[in-house]
Amino acid sequence: MPQSPTRRTARSPRSPAPPARAPRRTGSLLQRAQLPPVPSTLLIPLAARAHGGRYFPWLDCHDAVAQALLTQLGADVNSTLDDLPTVLHVLWRTRAIKEAGRAFFAEHPQALGVNLGCGLTHHFQWLDTGANQWLDADLPAVMALRKPLLPLPCPRVRHADLDLSQPGWWQRLGLPVQRNALPVLLVCEGVLMYLQPTQVHAVLAEFAQHAPPGSRMVLDVMTRQAVGCAARHASVGPTGAEFRWGVGRMAELAAVHPRLRLLREQSVAEGYGWAGIAMDMLWRPWLGAPLYGLATLGVRDGSP
Ligand SMILES: C[S@@+](CC[C@H](N)C(=O)[O-])C[C@H]1O[C@@H](n2cnc3c(N)ncnc32)[C@H](O)[C@@H]1O
């Protein structure tokens, strides 16, 4: 995964090198954070949650913090908002995740929810039951940005550094391993397409191996046809990030581990109404999966 800074400042060959001295705290919070390409993509969904309701009021997620976060970051997201299909996709998935989360916590009001690769999301604003727990986790550079911007709202919420590309994350996050533990809800949106296929399979297998019965993992997927094509994506292209994983069939997800079950698949086509659903039906035999969609994975009963 390329990890060079997103925005480089070109210096003319004749400019003298800057004198060595302690760096001054200039520039916006975002510029100072110098996020590498993949972490910098967190601005895309943040912009959609902050302003997407202007364009798609029926999908407005009414995020209480996203606009203020953009202001504090000093982020200019105008070009991101020109990519309206992506704005719609983010709002559609936010609504679906909210619904999945509410259904899960209605059944398990004291359970734990975990946002893997959380970026600057704040799903707990919608999913707090008053008794459940929540964990937001992302790469250290993102968590360093997140912690001052989104301090923990209550003792039932915690933060953690996470690198999903490294096996053993379930235990490092302190997630439950006992057979009789409460189920866990994992959310992983806008993350796995940036990992290598073997890394994604390892993430799914780790969920399958450890998750207590009744646990759920909600993740977004894109078609395999999009792998390697991020440069042509209107808002991801400029970040320099690349799509590395996609699916040819939704059934591939559950095939990763015998304990996994594909409980639900959703296509973003439903966000476009009947025209979108018709296009999805036309493309599906060729693509084998939605252009972009969500999967809900569960685990079979029995010991993890
Ligand atoms: C498009 S952003 C999505 C952020 C957030 N999920 C959202 O929907 O707003 C991609 C996120 O994936 C995170 N990410 C990428 N690779 C990761 C890894 N190996 N481990 C953990 N997080 C990762 C990035 O740091 C970034 O926050």
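Summary of values
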item: Pro212, sole failed condition from (1) open to solvent by less than 50 Å² (accessible area, probe 1.4 Å); (2) touching an Asp or Glu at 6+ places or on another chain (Cβ under 7 Å); result: (2)
item: So Arg261, is it in contact (Cβ under 8 Å) with a residue 40 or more places away in the chain, of a type in the set (Lys, Arg) and within 30 Å of Val184 (Cβ to Cβ); result: no
item: Every residue from the range 267-279 that is open to solvent by 20 Å² or more (accessible area, probe 1.4 Å) and of a type outside the set (A, V, I, L, M); result: Glu270, Tyr272, Gly273, Trp274
item: Qualifying positions in the range 280-294 - surrounded by 14 or more Cβ atoms within 10 Å (Cβ to Cβ) and without any contact (Cβ under 8 Å) to a residue 24 or more places away in the chain; result: Asp280, Trp283, Arg284
item: Residues that are within 16 Å of the ligand (Cβ to nearest atom) and of a type outside the set (A, V, I, L, M), drawn from the range 179-213; result: Cys188, Glu189, Gly190, Tyr194, Gln196, Pro197, Thr198, Gln199, His201, Glu206, Phe207
item: Answer from Gly237, Gly271, Gly293, Gly228 - the residue that is more than 30 Å from Asn180 (Cβ to Cβ) and in contact with a Leu (Cβ under 6 Å, 6 or more places away or on another chain); result: Gly271
item: Filter result (farther than 19 Å from His233 by Cβ and open to solvent by less than 10 Å² (accessible area, probe 1.4 Å)) within the range 38-69; result: Leu59, Cys61, Ala66, Leu69
item: Pairs where the first residue, in the range 82-104, is of a type in the set (A, V, I, L, M, F, W, C) and the second is surrounded by fewer than 23 Cβ atoms within 10 Å (Cβ to Cβ) and assigned to a helix (DSSP H, G or I), C-beta under 7 Å, 6+ apart; result: Val87/Leu81; Leu88/Leu59; Leu88/Gly271; Leu91/Leu59; Trp92/Leu59; Trp92/Val268; Trp92/Gly271
item: Counted residues, the range 257-300 - those being assigned to a strand (DSSP E or B) and charged (D, E, K, R); result: 3
item: Filter result (more than 16 Å from the ligand (Cβ to nearest atom) and surrounded by fewer than 21 Cβ atoms within 10 Å (Cβ to Cβ)) within the range 113-147; result: Asp128, Thr129, Gly130, Ala131, Gln133
item: Residues satisfying the stated conditions in the range 215-231, i.e. under 27 Å from Phe104 (Cα atoms) and in a helix (DSSP H, G or I); result: none
item: Residue in the range 160-175 that is buried (at least 20 other Cβ atoms within 10 Å of the Cβ), within 13 Å of the ligand (Cβ to nearest atom) and of a type in the set (Gly, Ala, Ser) present; result: no
item: Residue check, Glu252 among the charged types (D, E, K, R), open to solvent by 10 Å² or more (accessible area, probe 1.4 Å) and under 22 Å from Thr80 (Cβ atoms); result: no
item: Entirely in the range 24-66, the helices (runs of 4 or more DSSP H) that have 2 or more residues that are at pLDDT 95 or above and within 10 Å of the ligand (Cβ to nearest atom); result: 37-40, 43-51
item: Residue in the range 75-96 that is closer than 19 Å to Gln266 by Cβ and open to solvent by 60 Å² or more (accessible area, probe 1.4 Å) present; result: yes
item: Per-region count, the range 100-112, residues away from the ligand (no atom under 16 Å from the Cβ) and in contact with a helix residue (DSSP H, G or I) (Cβ under 8 Å, 6 or more places away or on another chain); result: 3
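Rundown of residues vs (1) under 23 Å from His201 (Cα atoms); (2) more than 15 Å from the chain's Cα centre (by Cα); (3) of a type in the set (S, T, N, Q), yes/no style:
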residue: Leu135; (1), (2), (3): yes, no, no
residue: Ala144; (1), (2), (3): no, yes, no
residue: Cys154; (1), (2), (3): no, yes, no
residue: Leu162; (1), (2), (3): yes, no, no
residue: Ser165; (1), (2), (3): yes, no, yes
residue: Trp170; (1), (2), (3): yes, yes, no
residue: Leu173; (1), (2), (3): yes, yes, no
residue: Asn180; (1), (2), (3): no, yes, yes
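The values are calculated or read from the model by the stated rules, or taken from the named source; none is laboratory data. Just so we're clear, the structure is a prediction, and the values are computed from it rather than from any experiment. Using ideal geometry, Cβ is built from the backbone for each residue, glycine included, and neighbour counts are taken over all protein chains shown. Just so you know, the surface numbers come from the protein's heavy atoms only, side chains and all, with ligands and any DNA or RNA stripped out. Shrake-Rupley method; radii C 1.70, N 1.55, O 1.52, S 1.80 Å.
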